[in-house]
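Each remark here refers to the structure printed beneath this line.
The values are calculated or read from the model by the stated rules, or taken from the named source; none is laboratory data. Since this is a predicted model, take the numbers as computed values, not measurements. A quick note on method: Cβ atoms are made from the backbone with ideal geometry, for glycine too, and the neighbour counts reach across all protein chains shown. Just so you know, the surface numbers come from the protein's heavy atoms only, side chains and all, with ligands and any DNA or RNA stripped out. Shrake-Rupley method; radii C 1.70, N 1.55, O 1.52, S 1.80 Å.
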Amino acid sequence: MKAARRHFRLQQAKHATLAAAALAVAAIVLAVTAELLDLGEIWRWLTLLLLALPMLVGIGFALRLHEQIRSLQRRFDASRQRRDELQRVNQRLEQELAKRVDYERRLAYQANYDDLTRLPNRGLALDRLAQSIKRARRLNAKVLGMFIDLDPFKQVNDSLGHPAAERLQREAAARLTEVHREADTVARLGGDEFLLICPDVDTVGSAEGLAENVLAALSPPFLVDNQEFLVRASIGLAFFPADGNDPEQLLKNADVALYRAKDQGRNRFSFFTREMDLAAQQRLMLESHLRHAVDAGELRLVYQPILALADARVVGLEALLRWQSPHLGPVDPTEFIPLAEDTGMIHELTRWVLEHAVSQAATWPREHPLRLTVNISPKEFALPERLIETLMPLLGQGRLPADRLELELTEGLLVQDQPATGNALDYLNERGIRLCVDDFGSGQSALVLLQRYPFDALKIDRRTIQGIARDPADAALVRAILAMAGALGIETVADGVETEAQAEFLRRHGCHYAQGYRFGAALEADEVAGFLAAIAPVRA
Ligand code: C2E
Ligand code: MG
């Protein structure tokens, strides 16, 4: 439409120009003729008029041309403005687009990678494992899944704080990255858990070699805040397809193997076997029943007498936890306490034991002011404030006096030698609570640490006591422990004394107290009063 109008205007202009030119030519012809023929004034005017007409047409045309040029200019300016505006909008759009692409890239990174170590996270690891398994299925090949759990990060976290623990994690991740080969994936599954996926490792021998390389890479001490830390790794290994036909099953079984490696004492690796699977299932079943044991009233305490060896006085009772499950029957504490420690349920159990033992001890006859001994798991010292908060309100003012409570702690706790543990032990000692090292002589006894912490007594492990008669090494160890405790001014208790010969040996070498079947097994709570009434009153 616009083009037709422009064409029409152009035609008009052409015709106007032609008409003006014709008029001008006619005027010139007329002027020349009038001059030559001397036609008079009227013709001259006529000629002038004819000449003026094309001029007027020209002026009109020039004015319209000018107007058109201005309108063109305006249109040109407007379209330039529009173009600039469009350019600006385009630029903004491009920037927005770049930002969005970057944001999406970051989102994808965060969804797939671990922020701390920059390793693939659990999601991506599972995806890679699934891809490797798909490929292995096609090629009839194997995939090795290697679960790695690192040990002391929690301790670093507790003693040096979160940033130090994070540095340790990063350093461990870097060392693991150096060990793995191009085709492998090393991922952080969360916490202290890492996974190595190795599509090309297909023999037990090469898997062992790789696991040994991982342990070797992690064994040099880690330097954090000028302190050296030893990281102890446990590794569980499982192969596709033999140990798991899909990623979940393979991971679960590598995890089962990892637990076996941990059980065997860390810094080692273990391959998955079918028997382990059974053990893992039993463990899961035990765990689910234990979760209800407190609320369902399935727990109770029994009390084993502790006697002075010199005159057979009863000086105290050790509270021992019992679990009678309606589904599983009686479950041994050596079975459910470690499980409770691994799953975090131990805190609930400790609280239950302390509350019940202290309130039962408060009912014991006053003429027998006995000590109450309670076992405390080393796991409680990961957060000693919680233990102190549970314990302190139970003592004093009409309840059990603090100096009649004794806490038994295993020596493994001392070997870890954490400042927070020392502070908590000092606090408890200052409040008058007695502290005793349990199972002394069973493992890595660190005698020097006995000097460092405020222990009142040590309890010699019952396996060592039972070896006295048949193993000269055990007899020598008991003598050495008694001599050393004597020198340090620490009282001694012998655990698991079953025969008079053992009791006599201990008496001769200056052991103060003993407990064991020789003197009496653990009593039910309602048997304690009768038992105490049957014996002569004792001094504390
Ligand atoms: P423990 O603290 O060394 O407790 C002594 C264990 O030796 C008890 O086993 C006791 O019944 C047993 N025993 C006592 N006298 C003899 C004896 O003459 N010969 C033999 N062979 N054994 C004897 P129990 O009750 O099965 O407890 C085992 C372990 O479970 C305890 O060892 C302790 O480490 C743990 N435990 C028990 N109750 C608790 C608790 O309330 N809290 C915590 N954290 N651990 C507990
Ligand atoms: Mg004990």
Segment D332-D84, extension gain: residue separation times 0.36 nm, minus the distance between their alpha carbons: 80.9 nm
Fraction of accessible area attributable to carbon and sulfur, region 282-426 (%, probe 1.4 Å): 52 percent
Neighbour net charge for A362 - beta-carbon separation under 14 angstrom, K R +1, D E -1: +3
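May I ask you to give the solvent-accessible area per residue for the chain, in square angstrom, as obtained with a 1.4 angstrom probe?
Working: 29460 Å² over 540 residues.
Ligands and nucleic acids excluded, the result is 55 Å² per residue.
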Three-way shape label, the chain, alpha-carbon gyration tensor, a/c 1.5: prolate
Total formal charge among the other residues, if their Cβ is under 12 angstrom from that of L86, Lys/Arg +1 and Asp/Glu -1: +3
In the chain, lysine pairs with alpha-carbon atoms under 21 angstrom apart (chain gap of 8 or more, or interchain): 9
For L307, net neighbour charge (Lys/Arg +1, Asp/Glu -1) across residues whose Cβ lies under 10 Å away: +1
Cα-based Rg and Dmax for region 107-214, where Dmax is the largest Cα-Cα distance (Å): 14.8, 50
Tilt relative to the chain, helix 2-37 - C-alpha long axis, 0 to 90 degrees, to 10: 20 degrees
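Using the Cα gyration tensor of region 430-488, with a ≥ b ≥ c the square roots of its eigenvalues, what is the shape: rounded (a/c below 1.5), prolate (a/b larger than b/c) or oblate (neither)? Before the final figure, lay out the partial values.
On the way: a/c = 2.46, a/b = 2.02, b/c = 1.22.
Note, shape of region 430-488 comes out prolate.
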Karplus 3J(HN,Hα) series, Hz, for region 326-341 with 6.51 cos²θ - 1.76 cosθ + 1.60 (x for Gly, Pro): x, 8, 10, x, x, 10, 5, x, 5, 8, 8, 5, x, 5, 4, 5
In nm, spacing of pseudo-spin labels at L53 and A469 (7 Å Cα→C-beta vector): 15.4 nm
Zero-based 10 Å bins, Cα pair distances in region 136-281, whole percents: 12, 42, 32, 12, 2, 0
W352 accessible area, 1.4 Å probe, all protein chains in place, Å² to nearest 10: 40 Å²
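Can you give the extra length, in nm with one decimal, that the chain gains between L18 and R518 once fully stretched, where that is 0.36 nm per residue apart less the Cα-Cα distance?
Details: separation 500, 0.36 × 500 = 180.00 nm, distance 14.13 nm.
That pair, L18 and R518, stretches by 165.9 nm at full extension.
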Distance from region 328-378 to region 28-83 (C-alpha centre basis), Å: 119 Å
Additional length obtainable on full extension of the chain from E35 to A529, 0.36 nm per residue less Cα span: 161.8 nm
Whole-Hz couplings from phi, Karplus 6.51/-1.76/1.60, listed for region 89-97; x for Gly and Pro: 4, 4, 4, 4, 4, 4, 4, 4, 4
Net charge dipole size for the chain [Lys, Arg +1 and Asp, Glu -1 on Cβ; Debye, nearest 20]: 3720 debye
Relative contact order computed over the chain (Cα-Cα under 8 Å; 6+ residues apart), in percent: 9 percent
For region 115-128, 3J(HN,Hα) per residue [Karplus equation, 6.51 cos²θ - 1.76 cosθ + 1.60, θ = phi - 60°, Hz, x = Gly/Pro]: 4, 6, 9, 6, 8, x, 8, 4, x, 5, 4, 5, 5, 5
Sequence ranges 42-55, 336-349, 73-86, ranked by mean other-Cβ count within 10 angstrom, highest first: 336-349, 42-55, 73-86
Mean Cα-pair separation over length for region 195-337, i.e. relative contact order, pairs under 8 Å, 6 or more apart, %: 13 percent
Computed [θ] at 222 nm, deg cm²/dmol, the chain (DSSP H ≥ 4; -39,500 (n - 2.57); rounded to nearest 500): -18500 deg cm²/dmol
Amide H partners (placed H, <5 Å) of S442, local residues excluded: D461
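Taking all protein chains together and a probe of 1.4 Å, list D439, D115 from the most accessible to the least accessible. Display every interim value, and only then the final one.
Values: D439 40, D115 110 Å².
Descending accessible area places them as D115, D439.
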